[in-house]
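The next block holds one structure in the form of structure tokens; read it before the comments.
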Amino acid sequence: MSVKTLSENLERQTGKDLYNYQKKAIDKVFKAFDEAPEDYHLLYQLPTGGGKTVIFSEFVRQYIKNHDKKVVILTHRIELLKQTSRMLTEFNVTNKVVDSKANLDDQADYSCFVAMVETLNNRLQEDMLDISDVGLVIIDEAHYNSFTKLFKYFEKSFILGVTATPLSSNKDLPMKDNYNELITGETIESLIENKFLSPAETYQYNVGLTSLEIGSNGDYTVKSSEDLYTNTDMLRKVVYAYEQHSLNKKTLIFNNGINTSLHVYDTFKRAGYTIAHLDNTATKKERKMILKWFKETPNAILSSVSILTTGFDEPSVDTIILNRATKSLALYYQMVGRGSRIYKDKEVFKIIDLGNNLHRFGPWGADIDWNKIFGSPNYYLDSLVNDDDIESNFRYEMPDAIRKEFANSEEVYFDMKQAYIDSVNKGDSSKVLLEQSIAHHTHICVENSEDVYDALALMKLLEDDINHRLERYTQCISKSTYNFVKWLHDDYRMKLRAYIRENFDTVFEDIHGHPPEE
């Protein structure tokens, strides 16, 4: 398979100039192509926003120019099908879209076909498409497993899979079983450094996820996610996070479930914000209208349900809100990647994480050894921190509005886990932790009060803090039956109220050096 290198071949005049890293990627792929057998399966990785479609479009252009063989490009979504066809056309590659309405009578006139998986599978089963002279098959978003069913039709073709995340969407079907080799492209860090992607600022809010259930696909179920993310506290939290970090900025919200997205839409709407909702039940006309509105409205908020994770490119997005948790590294990177495009004077984009995804996968753009993940995917998946371990290290942070009510207190945090370790080392009973916590809560209430009634009123603001401390306590003592936890919460609040009433004067004098005024 002799073929000229890209540098000798780049005399085309299409108006699409490639960056150096894209040229190098094409050279790497051609080198592998030249040296490998005709049935070789190669996987190429490049971060979202790096221009995978540009790279493989130029690869196709050069392949067709230098080989008397045809090309098939596979996608898994209609949006990617059309985008890929348009990009190939920009590279002067005449292509035929094989969709459900396509007339294939003129197929002999084309050297390049673009198709969705199921459509192509049907056409091949019906023997409507001649693939006997296909030498190259390109698979976009190759980490999806729907493509593997077609491999049997292309046993003598060079297969090039492209993806941002070379980790299979199915743990039982690792990519290394379908691809001989992985070539990695530029890192996110490098693309940011060279101004091809925007850097990110991440704001993370701890969320209790232990109520979530794992479905057969290995990710959190929609039902359990909706039970959590439609409750009042979570809806308040997503609005609060938006107001703190993205007020009046173009914001894309990802949810797990249509019902959740509709609740988010209603909550923002009632708060007076400009928002729309989009899911896969929208018609083409509705989708086009909503995306046009989103593009043209500077302060637009769009609440969505996974539909915009691939095949969607709106570089003016300022903030990505992950109003969901996921076990999928690919989905995490796809969602975040929607905000990473360079745009005018956008110096950074923001990530607001409401699903502990940062704790689970690490920061977006962190150095990831994709070759190691490709070679040992189960080792990587098994090493991910589980939700219990993530939450065991949470530190409760008072919301700003509540923290202001305790402005006189330098420190309002009580580390129950460390206090437990200290008590064990001293040989104390675990009940000492509760006494210490009650004393600390009393101290900060009294420190910010004029009288006992003020202190009891402040106690009511500590509900979340109390819940957090008692959750840590039950984890430490490994006792969490429903009846025990209910009794513990009731008993703690009763004892705290009593302690404040009985010790207000003493604590006040210890703090201020004089008794409270009558």
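The values are calculated or read from the model by the stated rules, or taken from the named source; none is laboratory data. In this text the structure is predicted, and so the values were computed from the model without any measurement. In this analysis, Cβ positions are derived from the backbone assuming ideal geometry, glycine residues included, and neighbour counts consider all displayed protein chains.
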Out of curiosity, is LYS327 of a type in the set (D, E, K, R), over 17 Å from PRO199 (Cα atoms) and over 18 Å from the mean Cα position of the chain (by Cα)? no
Scanning the stretch 142-190 for residues that are within 26 Å of ASN20 (Cα to Cα) and charged (D, E, K, R) gives GLU181, GLU186, GLU189
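Just give me the residues in the stretch 216-242 being polar (S, T, N, Q) and outside any helix (DSSP H, G or I), in sequence order. Full working, then the answer.
Taking the stretch 216-242 as the starting set, the residues that turn out to be polar (S, T, N, Q) are 216-217, 221, 224-225, 230-232.
Of everything in the stretch 216-242, those that are polar (S, T, N, Q) and outside any helix (DSSP H, G or I) turn out to be SER216, ASN217, THR221, THR230, ASN231.
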Could you please tell me which pairs satisfy a Cβ distance under 8 Å, a separation of 6+ or placement on different chains, a first residue in the stretch 322-348 that is closer than 17 Å to GLN45 by Cα and in the same structural domain as HIS143 (by TED's automatic domain parsing), and a second residue that is at pLDDT 90 or above and hydroxyl-bearing (Ser, Thr, Tyr)? none
Counting only residues that are touching a helix residue (DSSP H, G or I) at 6+ places or on another chain (Cβ under 7 Å), not β-branched (Val, Ile, Thr) and not in a loop (DSSP other than H, G, I, E, B), the stretch 85-103 contains a total of 3
Which residue is surrounded by the fewest Cβ atoms within 10 Å (Cβ to Cβ), if the candidates are limited to the stretch 147-160 and must be touching a helix residue (DSSP H, G or I) at 6+ places or on another chain (Cβ under 9 Å) and over 19 Å from ARG61 (Cβ atoms)? LYS149
Counting only residues that are under 20 Å from ILE183 (Cα atoms) and of a type in the set (S, T, N, Q), how many does the stretch 379-392 have? 0
For the stretch 407-440, which residues satisfy the criterion of being in contact with a helix residue (DSSP H, G or I) (Cβ under 8 Å, 6 or more places away or on another chain), surrounded by 14 or more Cβ atoms within 10 Å (Cβ to Cβ), farther than 18 Å from SER478 by Cα and not hydroxyl-bearing (Ser, Thr, Tyr)? VAL412, PHE414, GLN436, ILE438, ALA439
What are the residues in the stretch 208-243 that are over 24 Å from SER146 (Cα atoms), in contact with a Leu (Cβ under 8 Å, 6 or more places away or on another chain) and charged (D, E, K, R), if any? LYS237
Aromatic (Phe, Trp, Tyr) and closer than 18 Å to GLY50 by Cβ: does that describe PHE361? no
Residue under question is THR221, and the condition is that it be among the polar types (S, T, N, Q), surrounded by 17 or more Cβ atoms within 10 Å (Cβ to Cβ) and either closer than 22 Å to LEU291 by Cβ or without any contact (Cβ under 8 Å) to a residue 60 or more places away in the chain (or both); does it hold? no
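From the residues in the stretch 243-276 that are of a type in the set (Phe, Trp, Tyr) and in a helix (DSSP H, G or I), which one is nearest to LEU302 (Cα to Cα)? Quick ask: steps written out before the conclusion?
Filtering the stretch 243-276 for residues of a type in the set (Phe, Trp, Tyr) gives 254, 265, 268, 273.
Filter once more, so that each one left must be in a helix (DSSP H, G or I): 265, 268.
Working: TYR265: 8, PHE268: 10 Å.
The residue in question is TYR265.
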Can you list the helices (runs of 4 or more DSSP H) lying wholly within the stretch 416-513 that have 3 or more residues being over 22 Å from GLU391 (Cβ atoms) and more than 38 Å from the chain's Cα centre (by Cα)? 431-447, 452-459, 482-512
Hey, any hits in the stretch 201-222 for a residue that's closer than 14 Å to THR326 by Cβ and of a type in the set (S, T, N, Q)? yes
Only one of THR260, THR267, THR297 is surrounded by 22 or more Cβ atoms within 10 Å (Cβ to Cβ) and of a type outside the set (A, V, I, L, M, F, W, C), namely THR260
Restricting to the stretch 65-84, name every residue that is surrounded by fewer than 20 Cβ atoms within 10 Å (Cβ to Cβ) and assigned to a helix (DSSP H, G or I). LYS65, ASN66, ILE78, GLU79, LYS82, GLN83
Could you look through the stretch 401-415, keep only residues that are out of contact with any Ser or Thr (no Cβ under 7 Å at 6 or more places or on another chain) and hydrophobic (A, V, I, L, M, F, W, C), and pick out the one that is nearest to HIS468 (Cα to Cα)? VAL412
Could you grab the pairs with beta carbons closer than 7 Å, sequence gap of 6+ or different chains, first residue in the stretch 134-163 and closer than 21 Å to GLN107 by Cβ, second one of a type in the set (Lys, Arg)? VAL134/LYS69; VAL134/LYS70; GLY135/LYS69; GLY135/LYS70; LEU136/LYS69
So PHE374 passes all but one of these: (1) in the same structural domain as ARG497 (by TED's automatic domain parsing); (2) over 22 Å from ARG236 (Cβ atoms); (3) modelled with pLDDT of 90 or more. Which condition number does it fail? (1)
Give me the pairs, please: first residue somewhere in the stretch 18-38 and under 19 Å from GLY50 (Cβ atoms), second residue anywhere and at pLDDT 90 or above and of a type in the set (Asp, Glu), beta-carbon distance under 7 Å, and either six or more positions apart or on two chains. LEU18/GLU58; TYR21/GLU186; ILE26/GLU58; ALA32/GLU181
Restricting attention to the stretch 211-228, does a residue exist that is assigned by TED's automatic domain parsing to the domain that holds PRO298, of a type in the set (Phe, Trp, Tyr) and at pLDDT 95 or above? no
Starting from residues that are of a type in the set (A, V, I, L, M, F, W, C) and more than 19 Å from VAL507 (Cβ to Cβ), keep the ones in the stretch 397-406 and report whichever is surrounded by the fewest Cβ atoms within 10 Å (Cβ to Cβ). ALA401
Please specify each residue of the stretch 257-310 satisfying the condition of being farther than 24 Å from GLY215 by Cβ and touching a residue at least 40 places away in the same chain (Cβ under 8 Å). PHE294, THR297, PRO298, ASN299, ALA300, ILE301, LEU302
Being crowded, with 20+ Cβ neighbours inside 10 Å, in contact with a Ser or Thr (Cβ under 7 Å, 6 or more places away or on another chain) and touching a residue at least 24 places away in the same chain (Cβ under 8 Å) is true for just one of ASN357, ASN371, ASN448. Which residue is that? ASN357
What number of residues within the stretch 119-146 satisfy the criterion of being under 29 Å from ALA36 (Cα atoms), surrounded by fewer than 20 Cβ atoms within 10 Å (Cβ to Cβ) and acidic (Asp, Glu)? 2
Against the conditions (1) within 21 Å of GLU411 (Cβ to Cβ); (2) touching a helix residue (DSSP H, G or I) at 6+ places or on another chain (Cβ under 6 Å), where does VAL452 fall short? Just the number, please. (1)
